[in-house]
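Undergrad: Take this structure first; my questions come after.
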Amino acid sequence: MTLAGILFVLGLISMLIRRNMIFMLLSVEIMLNAAGLAFIVASSHWAQPDGQVMFMFILSMAAAEVSVGLALVLQLYHQLKSLDSDEASRMKG
Amino acid sequence: MLFLIPALPFFSALVLILAGRSLNKAAVSVIACGSMGIAAAITLVLGLPFIQSGEHIIVQHLWTWMQAGSFSAGIDLRLDALSLAFVFVITFVGFLIHVYSTGYMAEDADYSRFFACMNLFVGAMLLLVLADNLLLLYFGWEGVGLCSYLLIGFWYKDPANGYAARKAFIVTRVGDTAMAIALFMLFQYTGTLQIQQILDQAPQLWAAGNSTIVLIAFLLLGGAVGKSAQLPLQTWLPDAMAGPTPVSALIHAATMVTAGVYLIARTHVLFELAPAAQTGVAVIGAVTLLLAGCSALVQTDIKRVLAYSTISQIGYMFLAWGVGAWSAAIFHLVTHAFFKALLFMGAGAVIVAMHHEQDMFKMGGLRKQLPAVFWVFLIGSASLSAIPFITSGFYSKDQIVWLAWSSVYGHTFYWIAAITGAFLTAMYTFRMVFLTFYGPKASHHTPHAPGNSMMIPLYILALCSTLAGFVELPHTMGHVTLFSDWLQHVLPAVQLQQESTALEWTSQLLAAGLTFLGIYIAWVWVIERPDGMLRFSQMPFMRWLRKLWFSGWAFDALYDEMLVHPFVRTARMNRRDMIDRIYTTLARITEWLHNILARTQSGLLRWYIMGVVLGAVVILSVLIWRVYV
Amino acid sequence: MGVFFYITAAIAVFSTAMVVTRFNIMHALLYLIVSLLSVAVIFYLYGAPYMASLEIIVYAGAIMVLIIFFVMMLNLGPESTRLEKQWLKPGMWMAPALFCVILLGELVYLIAQNHTPVTGIKEVTPKEVGRSLFGPYILAVELSAMLLMAGIVGAYHLGRQQPKTLHRFLQSKPS
């Protein structure tokens with residue numbers, strides 16, 4: 001469980017400190033993975049299949065997220081010629 | 001056929017409003033005067049059966065106006081002896097005033113607007129008088145108020161006229177509100193607004209002197225006081241002189257001020273049940289007639305003199321109500337309508353002749369130049385100041401003076417007030433006559449004599465104001481009681497305390513003597529010793545008194561101080577918007593917060609995540625703090 | 001198994017840290033694959049072999065390949081690495097990292113507070129997972145299928161290179 005926490009926080013840090021959008025996607029992956037780890041551990045702890053089911057959902061969701069996210073990044077890259085997430089701040093209030 | 005009486009003026013007003021611009025003046029005159037003339041003729045036709053006995057009643061249900069639950073108000077008209085007297089005065093005098101106006105207003109640009117308003121005015125007043133339920137009466141009541149506003153402010157280009165119109169409207173509004181409350185209360189207790197039902201039920205519902213009925217009566221009195229320009233709401237009437245003179249004549253003689261009198265007469269049962277209110281009516285009448293008489297003494301504007309005299313005469317009527325002399329009041333109202341219309345129209349003729357000069361001190365010596373106007377004006381003045389035997393004013397006013405004392409509700413105080421009022425009336429009336437028609441010629445204008453359309457109504461009215469008195473003669477002189485007998489079925493006869501012919505003679509002689517004394521003083525004052533009077537009035541106390549009376553006992557100033565100024569101050573304060581400021585501040589704070597928050601929305605994704613992280617930290621910290629520490 | 005667990009856990013943490021700190025994106029991706037593999041091992045250790053294989057196939061295989069293809073498509077070279085170095089300054093990442101560490105501390109504290117005795121690792125067989133997936137969770141399965149479908153369509157739509165899809169707000173500036 002602690003490992004899951006550590007991984008999650010590492011992903012979070014990465015998300016925060018990186019400006020490259022691909023890195024941010026990677027850190028989202030890390031965080032999802034950490035959450036999945038927590039589910040698996042809990043599942044085996046209580047000997048219930050629900051945690052693993054949840055992990056499968058996380059997996060499918062991550063797949064969808066990565067595909068859509070990458071497409072978005074691609075589009076942004078074409079628009080902005082950069083992977084800097086700070087560039088994409090034109091909609092600020 | 002009854003509905004035609006109010007419908008004709010309304011119809012004419014409608015035509016004039018819609019098509020007034022495309023009609024020439026002759027057509028406008030024909031429509032306006034024609035409708036009034038036909039209405040007057042119908043009144044005469046309908047009134048014929050009434051001559052035999054006052055018992056006759058015509059009720060006409062036109063349609064149901066509104067119905068909600070048990071409440072229903074219809075457009076119901078009712079003609080009985082009382083309303084017939086009023087309708088007769090309104091249509092007849094109104095017709096004469098309309099005819100007169102065609103001459104008076106001949107050169108005015110807004111000819112059709114004037115007649116539209118006049119017709120509407122008369123129509124509303126007729127509706128008021130003919131209404132069978134209080135709601136319709138109130139409708140007419142408000143219509144009269146509206147039209148008075150329109151007509152007083154007729155020459156709207158001068159702001160002073162607009163001010164006078166607003167004042168009339170607002171001051172009467174005070175009374176209207178009181179009356180509306182009275183109507184609500186009546187409806188609450190009796191469940192109906194049909195006048196006859198209320199009058200039938202009232203004696204069973206309330207014992208005499210019951211506080212509820214006293215309150216209702218006082219509220220009704222408030223309404224009447226507002227419309228009839230009695231104390232303490234009399235201040236609008238002198239300012240109402242801003243309107244054209246025929247309007248003044250109409251307001252004073254036929255409509256508007258008589259509305260209050262009518263209201264009290266209509267609901268006299270309620271007043272009889274409320275002795276306190278009845279006393280109030282009498283006291284208000286007595287005080288008003290004295291105050292207004294004093295004010296009339298020192299006015300310089302001929303129309304203002306007449307205005308104050310109207311207030312004073314209505315005061316007589318109120319006094320008569322107060323002592324239970326119902327028919328005497330109506331009688332005085334009818335004669336007053338004749339001679340006051342006569343006086344106003346005579347004054348109007350003088351004013352036109354003097355090129356719209358209203359200051360009496362700038363007139364003078366008009367007797368030779370306008371002999372016809374002088375004679376009719378003299379007849380009117382004689383009637384107003386109640387010169388014995390030959391004028392109608394004498395018979396009607398004398399009856400009130402006598403009954404003020406001898407009636408069951410009478411009191412010596414009332415009698416003294418009435419007889420002093422008679423003295424004052426004679427004095428100010430003849431001061432006006434002398435100033436206007438006698439003395440040196442004060443003006444360089446060459447007056448031009450008014451035309452026939454103005455003079456013929458004056459002759460008719462002069463005739464009426466002389467003859468109308470003979471339908472009702474006092475005990476001492478023939479004892480003719482046609483009028484009061486006629487009204488007996490609607491209004492109860494006066495109950496006398498004592499019947500003493502000797503005392504009545506004394507009272508009449510005293511009144512007559514005082515009248516002549518008043519005329520003599522006026523003669524001395526104006527013609528014989530103007531210098532002496534001038535010196536007398538320059539004495540400090542007299543100067544102060546003069547100023548006080550001139551301003552109508554400074555009621556305007558009092559109201560200004562008491563009501564207008566605080567109101568204006570509050571309004572000023574509100575213009576800076578105390579309450580609004582709270583909301584503005586709220587809005588500002590919101591805007592400020594918005595700006596702060598908008599700055600956080602930098603578009604930088606990392607900041608958002610940072611926010612999420614911080615939130616998570618805070619939530620977890622709180623959780624740990626609450627659960628484990 | 002304790003030793004195995006700690007070794008793989010250490011590898012996972014280390015490689016994830018390396019992912020976070022790498023400047024070259026390819027290096028970071030390779031480290032991420034290592035990290036995912038070690039997590040898969042941990043899954044296996046916790047009695048979820050099916051999940052472990054799924055992790056390897058889908059995460060380490062499919063998703064990573066997708067990202068790698070993507071990076072190659074964008075043709076990011078040493079230029080971007082230099083940029084990354086430039087962006088990643090200590091002053092920038094100190095404060096967020098600090099907060100995250102606090103968060104981690106709290107999480108660990110909360111986990112440590114849970115005094116339920118460790119009953120040992122119980123294996124959950126793929127059969128059980130399958131039963132519950134197509135039993136009570138059938139609706140969720142349908143939903144995730146929908147999600148994947150939406151992901152495919154969305155990715156296709158967004159990935160099309162059409163100048164026309166420029167947002168109208170962005171059109172004013174030449175891109």
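The values are calculated or read from the model by the stated rules, or taken from the named source; none is laboratory data. It should be emphasised that the depicted structure is a prediction, and the values quoted were computed from it without experimental measurement. Counting neighbours? That spans all protein chains shown, and the Cβs are built from the backbone with ideal geometry, glycine included. With ligands, DNA and RNA removed, areas are computed over all heavy atoms of the protein, side chains included. Shrake-Rupley method; radii C 1.70, N 1.55, O 1.52, S 1.80 Å.
Undergrad: Within a 10 angstrom radius of each residue's Cβ in C:42-51, how many Cβ atoms of other chains show up on average? Whole number is fine.
TA: 6
Undergrad: In square angstrom and rounded to 100, what buried accessible area do you get between chains C and A, total over both, with the probe at 1.4 Å?
TA: 6500
Undergrad: Please compute the Cα-Cα pair-distance distribution of chain B with 20 Å bins starting at 0, giving whole percents from short to long.
TA: Percent of pairs per bin, in order: 19, 49, 19, 6, 5, 1.
Undergrad: For the Cα atoms of chain B, what angle does the longest principal axis make with the long axis of helix B:302-322, in degrees from 0 to 90, nearest 10?
TA: That works out to roughly 90 degrees.
Undergrad: Let me ask something else. Express in nm, to one decimal, how much length is gained between B:Lys157 and B:Leu593 on full extension, taking 0.36 nm for each residue of separation and deducting their alpha carbon distance.
TA: Full extension of this stretch gives 151.8 nm more.
Undergrad: I've got another one for you. Could you list the chymotrypsin sites (Phe, Trp or Tyr not before Pro) in region C:25-61 that lie in coil according to DSSP, counting only those with at most 10 other Cβ atoms within 10 Å of their Cβ?
TA: none
Undergrad: Just checking the output field for A:34-40: average partner chain Cβ neighbours within 10 Å of each residue's Cβ?
TA: Partner Cβ neighbours, averaged per residue: 5.
Undergrad: Let me ask something else. Give the shape of region B:185-318 as rounded, prolate or oblate, defined through the alpha-carbon gyration tensor: a ≥ b ≥ c are the square roots of its eigenvalues, a/c under 1.5 means rounded, and otherwise the shape is prolate if a/b is larger than b/c and oblate if not.
TA: Prolate shape, in that a/c is at least 1.5 and a/b is the bigger ratio.
Undergrad: Would you mind checking B:Lys227/B:Lys340; B:Lys167/B:Lys303; B:Lys303/B:Lys340; B:Lys303/B:Lys362; B:Lys167/B:Lys547; B:Lys167/B:Lys227 for any pair whose Cα atoms are more than 19 angstrom apart?
TA: As for pairs spanning more than 19 Å Cα to Cα, those are B:Lys167/B:Lys547.
Undergrad: At 7 Å along the Cα-to-beta-carbon direction for both B:Met1 and C:Thr21, put a label point, then send me their distance in nm to one decimal.
TA: For the pair B:Met1/C:Thr21, the computed spacing is 11.8 nm.
Undergrad: Just the number: Rg to Rh for region B:27-86, Cα atoms, Kirkwood Rh, two decimals.
TA: 1.13
Undergrad: Nearest 10 degrees is fine. How inclined is helix B:392-406 to the longest principal axis of chain B, computing both from alpha carbons?
TA: 70
Undergrad: Determine the equivalent ellipsoid of region B:1-153 by diagonalising the alpha-carbon gyration tensor, then write out the semi-axes as square roots of 5 times the eigenvalues, largest first, rounded to whole Å.
TA: Largest first, region B:1-153 gives 28, 19, 12 Å.
Undergrad: In addition: At 1.4 Å probe size, with every protein chain present, just tell me what the per residue accessible area of region B:219-274 comes to in Å².
TA: On a per-residue basis, 8 Å².
Undergrad: Okay, moving on. Give me the three principal axis extents of region B:1-50 from the C-alpha atoms, as integers in angstrom, largest value leading.
TA: 41, 17, 8
Undergrad: For a bin width of 5 Å, list the pair-distance distribution of region B:250-296 built from all Cα-Cα distances, rounded to whole %.
TA: Spelled out per bin, shortest first, that is 5, 19, 18, 25, 20, 10, 3.
Undergrad: Once amide H atoms are built 1.01 Å from N in the peptide plane, which residues 5 or more positions from B:Ser407, or in another chain, come under 5 Å H to H?
TA: Under 5 Å from the amide H of B:Ser407: B:Gln497.
Undergrad: Between C:Tyr156 and C:Arg131, take the C-beta separation as r, use R0 = 35 Å, and let me know the FRET efficiency to the nearest 0.05.
TA: The formula returns an efficiency of 0.55 here.
Undergrad: Extending each Cα 7 Å along its Cβ direction at B:Asp110 and C:Phe4, get the distance between those two points in nm, one decimal.
TA: 10.6
Undergrad: Measure nothing but the geometry: give the 0 to 90° angle between the long axis through the Cα atoms of B:326-353 and the longest principal axis through the Cα atoms of chain B, rounded to 10°.
TA: Around 90 degrees separate the two axes.
Undergrad: Restricting to DSSP H runs of at least four residues, report the calculated mean residue ellipticity at 222 nm for chain B, -39500 (n - 2.57) per run over all residues, nearest 500 deg cm²/dmol.
TA: Mean residue ellipticity at 222 nm (helix-derived): -24000 deg cm²/dmol.
Undergrad: Any idea of the total accessible area buried by the C-B contact, 1.4 Å probe, rounded to 100 Å²?
TA: Separately minus together, C and B give about 1000 Å² buried.
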